[in-house]
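The next block holds one structure in the form of structure tokens; read it before the comments.
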Protein chains: 4
Amino acid sequence: MANFGGHAIPGSFFLLYGFWLTVKHVLQHFWRTHQPKGRQNMPPFFKKIDYVEGGLQIFAAFVGIMVEQFVVDGPHAHLYTSESWVKPMNWQHSTMYLFFGISGIAMVASTRCKLVPTGVDRLALSLALFVEGFLFYYHVHNRPLLDAHIHKLVLVPVFGGSASTMLEVFIRDNIILELLRACLFILQGSWFYQIGFVLYPLRGPAWDSNDGNVMFITMCFCWHLAVALLLVACTSIVVWSTVRRFSGRQLDTEIGMRNTSSKTSSQKALLEESDEE
Amino acid sequence: MANFGGHAIPGSFFLLYGFWLTVKHVLQHFWRTHQPKGRQNMPPFFKKIDYVEGGLQIFAAFVGIMVEQFVVDGPHAHLYTSESWVKPMNWQHSTMYLFFGISGIAMVASTRCKLVPTGVDRLALSLALFVEGFLFYYHVHNRPLLDAHIHKLVLVPVFGGSASTMLEVFIRDNIILELLRACLFILQGSWFYQIGFVLYPLRGPAWDSNDGNVMFITMCFCWHLAVALLLVACTSIVVWSTVRRFSGRQLDTEIGMRNTSSKTSSQKALLEESDEE
Amino acid sequence: MANFGGHAIPGSFFLLYGFWLTVKHVLQHFWRTHQPKGRQNMPPFFKKIDYVEGGLQIFAAFVGIMVEQFVVDGPHAHLYTSESWVKPMNWQHSTMYLFFGISGIAMVASTRCKLVPTGVDRLALSLALFVEGFLFYYHVHNRPLLDAHIHKLVLVPVFGGSASTMLEVFIRDNIILELLRACLFILQGSWFYQIGFVLYPLRGPAWDSNDGNVMFITMCFCWHLAVALLLVACTSIVVWSTVRRFSGRQLDTEIGMRNTSSKTSSQKALLEESDEE
Amino acid sequence: MANFGGHAIPGSFFLLYGFWLTVKHVLQHFWRTHQPKGRQNMPPFFKKIDYVEGGLQIFAAFVGIMVEQFVVDGPHAHLYTSESWVKPMNWQHSTMYLFFGISGIAMVASTRCKLVPTGVDRLALSLALFVEGFLFYYHVHNRPLLDAHIHKLVLVPVFGGSASTMLEVFIRDNIILELLRACLFILQGSWFYQIGFVLYPLRGPAWDSNDGNVMFITMCFCWHLAVALLLVACTSIVVWSTVRRFSGRQLDTEIGMRNTSSKTSSQKALLEESDEE
């Protein structure tokens, strides 16, 4: 879908998903750091949230595949004709959606069934991002310089997100990794918008491939990163203060006693080890 | 062995090995999560399994080397003549088999002798995969585009498997890493079949190197990955349910009490650390 | 700022910052290893130091951005004219400073507020170094060989520092990682001076791009590394002996008893695990 | 020193060093696994060994630098003349030796003084290998294909050794990492001999750069790796059995009771964690 809308729609999805991850993980972190020692299982509320998230992911992936296949100029589920492949771009996009759907299935399965090993959902998400980056990487051959460059930059949040999500398979409940993942999704979403603005501007011609444009795009990517960091920070602060006000007065003394425990758990464990001297 | 069979035979081996690893590690995981706390040593049954696996690996490597050497158009153990090297391809394949043989020896040795440090078998397997990828990497120079591309894609499961197996030297008994390894072997096996179908099709000419074919092959690789994930998931579920039914009624209450402990062990350890707040 | 001063000023900053990090982390390490077991919180002195460091970082970043923007031949906050981008180099440098400013804000925030997860300051510093390296990487296209090579070498301390700082998010209070970071900042600073001497020498012409010069520059980089290691080692020894003399006679016996605990904490934890046999 | 001897001498050093590391680490591992729980400090014997090793490293580095500088056609400590750099190759080799010397100093310092953080010796060795690989990498530009290829292959053990030694800063007393390091030094040593045989054969002309030779060299590298693995395994077995026989009859019953504890310590810790279910 080589037009503005074709970049804005997935961009919006990634933006929303990034914000959603920020909210969810800040809530979970609040819950973790405000629990008395005895209770350790996540309350049913978080389970329901994970069902909804996984379900929406599956639904979105399904809709995405259908749209890519049965859009007016789509392949309509035909893979090849006698002389050539039919609409390889649409098929590639369908493949990307497929893996995000698999990631949604893994999320629902690991929430539903305690026998599924913890971390499978993160592994599936990491693979989905890897596949997205992998297809993007071979997507951009033989394109004009600016087009290739701007598509290559999207690989930074994609492979970065894949690596950090893979780390989460082993290091669980680390708020920094979780917010980094959210931040990289927001960066990816806003960068899709940027691609749309540069290659398929709503008015005026597409930018050309001169050196100045390439240099600006590189720098602009860093600004997107700074904005994504700012958005994650602000959202986290808003969510944290809101939930603290709502969790009410009966927790106030408890918070006073516990606000030193807001370190992430794995770091705390490390610190505890290091403090045993 | 540049023909369909030359890719189908190793492909079948890798496929079978991947399935075998899935079954073995699911059994081990079942055993680990259903043990009372006191007993920690693997039962003799798993030791026997490891002997058989290591032995078969050594045997297969030996047969592979012999076939590569003494096939009709093989080098017959001659390395060079006065003017050139004899059949370098066959020698390269023999070298790959050699390292899988070494990996088998390491497995038998580390099962047999408690003095061999735990993890040596994984290190040897990781090196075997590294050597395979290393030789493949220099294998594909000066070939047509499609041929080089399809051979380069096999490096993803090979080096990915090498890295994840190396991780297992340090993170033991993690079911996610173990099944990821199984999945990557299945992917490698099915991809060998795909190489055979594309470059040496049973009927019709080999595919040519146009852009459409390269794009399709890239996407097709992702489909193989999705199928490999599906196969590992299904096999795991089947094995798990079968073994649970067979392990019988006397465990039922125990399972009811213990099914929360199905998290992988290292993650559980991390969780336990993080829960100590 | 393509002149000697434009490389000497940031170089001096990085040099000073590297020395400062050495002093700070040796002090913290001394404090950690000389504490009785009960007290674990850093004393207020270290908090004040972190405020000052973060504040100076924000101030320096602000001044840097202002200078890059409002210097005589700067862009004066104009991003583009009708026909081209205005002074992309100055904008790129401003972007680099921006991220060091964000890193300073993260440092102040994580010192001020206990709710900010530990490690956010290191993540922000790691991102600042990543952005610096990222912009440098695309900075050097289309330049003469020697110019490109000497700028590419600066990526070694930048990306190396980014990776080691990212590790510090997970492995806290490890004196080796902390001093490695200090060493890489010193290396970066001294290399900026070297770039200035080679490309914009104070007298005589700039060096040309012959092979001998490129080979010498590569080797010279290693000498800078050796000198940086030496400087960190000497500074650490001087700071350590000074603080030990000042911390006075009442600690002498304690030191005698405790000097075995000078291992870094995480290693000690590992050793303790390994010794439990 | 572009002749056979110039490759055989460092090759012999690396071979000897690899064997030495194997012997040392097997002895240390034997000692670790045969200790009663109470005693944890290394006996003075191992300290003396580390002094000797560090001292020899410093001495060899010093001799190496002197030879490179004051050999008949060497630079005699002149860095440049008015028109060009003097003997850049010799200066590069001197730089490599310098870093191995620094590594020796770090080893002596960390053995001598308990205040030096554990792991500094490994960091210095890792840096020495990194610098060696770094200089080699830029060493091989503009050479014939075979020459460049055979020199590039030496980067595998060099950078691999650098990475595994860096890991040892964090994961101490892991016999697998220690023997891997020994193995990579042996591989590097034997590969230096191979470079000598190929590029400066004792009789006959140097090999030319045809494809067959390049393919053979790639495969030959894997054979060297297999031989290095074999040598490390055999040496370990010989040293282990010797030391067990010498440690005598009074330990026999103890060994009988303890031979399950021959797993490496960090793995054991992981296993212990994973077994606590």
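Here the sum of -39500 (n - 2.57) over DSSP H runs of 4 or more residues, divided by the residues of chain A, equals -25500 deg cm²/dmol at 222 nm, to the nearest 500. At a probe radius of 1.4 angstrom, the accessible area of the protein assembly as shown per residue rounds to 44 square angstrom. Taking every protein chain into account, the 1.4 Å probe leaves C:Thr242 with about 60 Å² of accessible area, to the nearest ten. Remark: label point of B:Ala163 defined 7 Å out from Cα along the Cα-Cβ vector; separations to the same position in other copies 0.9, 0.9, 1.2 nm, ascending.
For the Cα trace of chain A, dividing Rg by the Kirkwood Rh returns an Rg/Rh value of 1.03. Note on B:210-222: average number of Cβ atoms from other chains within 10 Å of each residue's Cβ is 6.
Springs between alpha-carbon atoms under 10 Å, Gaussian network over chain B: tell me which of B:Gln57, B:Gln35, B:Gln194 tops the mean-square fluctuations. Sorting by GNM fluctuation, first place goes to B:Gln35. In chain C, the portion of solvent-accessible area held by carbon and sulfur atoms comes to 69 percent [1.4 Å probe, whole percent, DNA, RNA and ligands not counted].
Summing Lys and Arg as +1 and Asp and Glu as -1 over all other residues whose Cβ lies under 14 Å from the Cβ of C:Val140 gives a net charge of -1.
Taken across both chains, chains C and D shield about 3500 Å² of accessible surface from a 1.4 Å probe. For every other residue with a beta carbon closer than 11 angstrom to the beta carbon of B:Gly212, add +1 if it is Lys or Arg and -1 if Asp or Glu, then tell me the sum. Cβ neighbours under 11 Å give a net charge of -2. Inter-chain neighbour count for C:167-176: the average number of beta-carbon atoms from partner chains within 10 Å of each residue's beta-carbon is 5. Membrane-span-like helices in chain A (whole DSSP H runs, Cα extent of at least 20 Å along the helix axis, mean Kyte-Doolittle hydropathy of at least 0.5): A:44-70, A:120-139, A:155-170, A:175-199, A:211-246. Around the amide H of D:Tyr80, modelled in the peptide plane, lie the amide H atoms of D:Val86, all under 5 Å away and 5 or more residues distant in sequence or on another chain.
Total lysine pairs in chain B at Cα distances under 16 Å, for residues eight or more apart or on different chains: 6. Remark: C-alpha extents of the protein assembly as shown on the principal axes read 74, 74, 62 Å, sorted largest to smallest. For region B:84-108, a decrease in accessible area of 10 Å² or greater in the assembled protein chains relative to the isolated chain, with a 1.4 Å probe, applies to B:Trp85, B:Pro88, B:Met89, B:Trp91, B:Gln92, B:Thr95, B:Leu98, B:Phe99, B:Ile102.
For the residues C:Thr95, C:Thr218, C:Thr111, a GNM of chain C with alpha-carbon springs under 10 Å puts the largest fluctuation on C:Thr218. For A:Lys87, the solvent-accessible surface with a 1.4 Å probe is about 90 Å², rounded to the nearest 10.
The Cβ shell under 15 Å around D:Val238 holds other residues with a net charge of +3, Lys and Arg each +1, Asp and Glu each -1. Projecting label points 7 angstrom from Cα along Cα→Cβ for A:His76 and C:Ala2 puts them 5.8 nm apart.
The values are calculated or read from the model by the stated rules, or taken from the named source; none is laboratory data. What you see is a predicted model; the values in this text were computed from it and never measured. Positions of Cβ are generated from backbone atoms using ideal geometry, with glycine treated the same way; all protein chains shown enter the neighbour counts. With ligands, DNA and RNA removed, areas are computed over all heavy atoms of the protein, side chains included. Shrake-Rupley method; radii C 1.70, N 1.55, O 1.52, S 1.80 Å.
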